[in-house]
Amino acid sequence: MRRVNGAIQSPTRCDAALHHRILPVPKDFAVLPLPILALAVASFGIGTTEFVIMGLLPEVAQSFGVTIPQAGYLVSGYAMGVVVGAPIVAIATAGLPRKTALLALMAVFLAGNLGCALAPSYALLMTARILTAFAHGAFFGIGAVVARDLVPRERRTQAVSLMFAGLTLANVLGVPLGTALGQVAGWRSTFWAVVAIGLAAGLAIQLCVPTGLPGTRGRLASEFRALGRWPVLRPMLISTLSSVSFFTVFTYITPFLTGVSGFSPRGVTGVLFSAGLGLTIGNLAGGHLADRSPMATIIGSFLGIVAALLALAAVAHDPVLTVPVMVLWSGLVFALVSPLQIWVVEAATDAPNLASTLNQGAFNLGNAVGAWIGGTALTLGASYRELPLIAAAMSLAGLGLVLTAVSRRRHEVASASVPGA
């Protein structure tokens, strides 16, 4: 028996298995890796279904008799589904115990992917994609809170980064494997594979995530008032700007690499695989470093991103130098994900589930805005090589907001230390 958030509960099957296999358990990482890994499996499935459609656009377009640009709306439709769905689903699941909410969201995920696999028309495929997206923001939002609460305070950001590792691995493994499967066996087979991943993830959550983690018990009106405070909105805006910066370039990375760096289409695949490894390592490293010094990690990551983007613009003509810069850039971008998520959750102590979920909407809003900024710049005559410079400006804006937060905090500490202040 153990106590979670004041509630006594029995250990799960995974808890018991973990005790049996690795006793004595280190005190600083007690009995909780498997529940977090269950969340990582689910995030792998969600990440795969979000991004794999990019590799299957020609097959989908041919299947429904639409153009590839029209098929591309399935990407933006999913992103906007996350943005719109995040607050709706957060409200709907606010009062549910967190494990129940996670299982309900996995059911929505499964229903959406079944709809994708069976969709008889483009319109119904778009509808199924949007339904799937509704589960995305809330799952990562609630999952981040669960991961945070299952470990000692000094391991919180690492736990969140481990959950998000499933999302980064989806880019390294899930997307290329899903694309290859869809090209060989038809694009619907990829969604059937994602359904299988979702079933495995749901079972893992049922067996491994502990019960007794309550949902939000306050009133929704007071929660939204809490979210309206600038200390909560500021890290959400920083999350959006970090995503805007990344997708201003990454949305157009294939023509950037082929047209500026001179890679072949096959070579682009290798570069993207390397970048995927970079973002996976960066995600885990960011979680580890942020548990020691969160603000230093965020500031250092932003400074590194700006430097990497300036370097990318400078060396883009050289394919040999472009690859390591791409790997460094992607790693630094994803080093921000878990520290920013934790910052939002801990700033919104009265509404952690809702804040965490809405921050996922903020990231996805940045995806859409970044793609729009990059596309608009190209339409107005900018070259692909200039996109990293625009992205660097977005990251500088995010860094500026971080520095204002640090300055404000230091001022408050100084004022509190002065008698009568």
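Brief remarks follow.
- Taking the accessible area of region 268-421, probe 1.4 Å, and keeping the other protein chains in place, the carbon and sulfur fraction comes to 71%.
- Dipole of the chain, positive end: most advanced residue of 182, 244, 354 [Cβ charges, Cα centre]: 354
- Note on residue 183 and residue 88: the model spin-label points, each 7 Å out from Cα along the C-beta direction, lie 3.5 nm apart.
- Radius of gyration over Kirkwood radius for region 182-328, both on Cα atoms: the Rg/Rh ratio is 1.07.
- Förster radius 51 Å - calculated FRET efficiency between residue 121 and residue 293, Cβ distance, rounded to 0.05: 0.45
- In Å, descending, principal axis extents of the Cα set of region 31-189: 53, 31, 21
- Solution diffusion estimate, µm²/s, Stokes-Einstein, region 275-421, Kirkwood Rh from C-alpha pairs, 20 °C, viscosity 1.002 mPa s: 127
- Of the DSSP H helices in the chain, those that are both long (alpha-carbon extent of 18 Å or more along the helix axis) and hydrophobic (Kyte-Doolittle mean at least -1.0) are 33-51, 68-92, 98-118, 122-149, 156-169, 187-208, 230-250, 265-292, 294-315, 319-335, 352-379, 387-417.
- Percentage relative contact order, the chain, counting C-alpha pairs under 8 Å, at least six apart: 24
- Across all Cα pairs in region 133-177, the calculated P(r) in 10 Å bins from zero up to the longest distance comes to 28, 43, 25, 4 percent per bin.
- Over every Cα atom in region 39-80, the radius of gyration and the widest Cα-Cα span, Dmax, amount to 11.7, 37 Å.
- Solvent-accessible area of residue 349 with every protein chain in place, 1.4 Å probe, in Å² to the nearest 10: 100
- Around the Cα centre of the chain, unit charges on the Cβ atoms of Lys, Arg, Asp and Glu (plus for the first two, minus for the last two) sum to a dipole of about 920 debye.
- The residues of the chain expose, per residue, 41 Å² of accessible area to a 1.4 Å probe.
- The calculated 222 nm mean residue ellipticity attributable to helices in the chain amounts to -26500 deg cm²/dmol, summing -39500 (n - 2.57) over DSSP H runs of n ≥ 4 and dividing by all residues.
- Taking the convex hull of Cα positions in the chain, its mean projected area over all directions (nm²): 22.0
- Portion, in percent, of the accessible area of region 44-139 that falls on carbon or sulfur, probe 1.4 Å: 76
- Stretching residue 383 away from residue 230 to a fully extended chain increases their span by 51.4 nm, per 0.36 nm per residue minus the current alpha-carbon distance.
- Between residue 350 and residue 372, the distance separating the two model label sites (each 7 Å from Cα on the Cα→Cβ line) works out to 3.1 nm.
- Cβ-placed point charges (K, R +1; D, E -1), dipole of region 38-158 about Cα centre in debye, nearest 20: 440
- Largest to smallest in accessible area, the residues 372, 192, 343 fall in the order 372, 192, 343 (1.4 Å probe, all protein chains included).
- Under the criterion of Cα pairs below 8 Å and six or more residues apart, the relative contact order for region 279-339 equals 61 percent.
- Projecting the Cα atoms of 282, 116, 306 onto the dipole axis of the chain, where Lys and Arg carry +1 and Asp and Glu carry -1 at the beta carbon, places 282 farthest toward the positive end.
- Computed over protein heavy atoms with a 1.4 angstrom probe, the accessible surface ordering of 78, 73, 252, 384, largest first, is 73, 384, 252, 78.
- The candidates 350, 318, arranged from most to least accessible area with a 1.4 Å probe in the full protein assembly, appear as 350, 318.
The values are calculated or read from the model by the stated rules, or taken from the named source; none is laboratory data. Predicted, not measured: the structure shown is a model, and the values here were computed from it. Note: ideal-geometry Cβ built from the backbone for every residue, glycine included; neighbour counts use all protein chains shown. These accessible areas exclude ligands, DNA and RNA; they are computed on the full protein's heavy atoms, side chains included. Shrake-Rupley method; radii C 1.70, N 1.55, O 1.52, S 1.80 Å.
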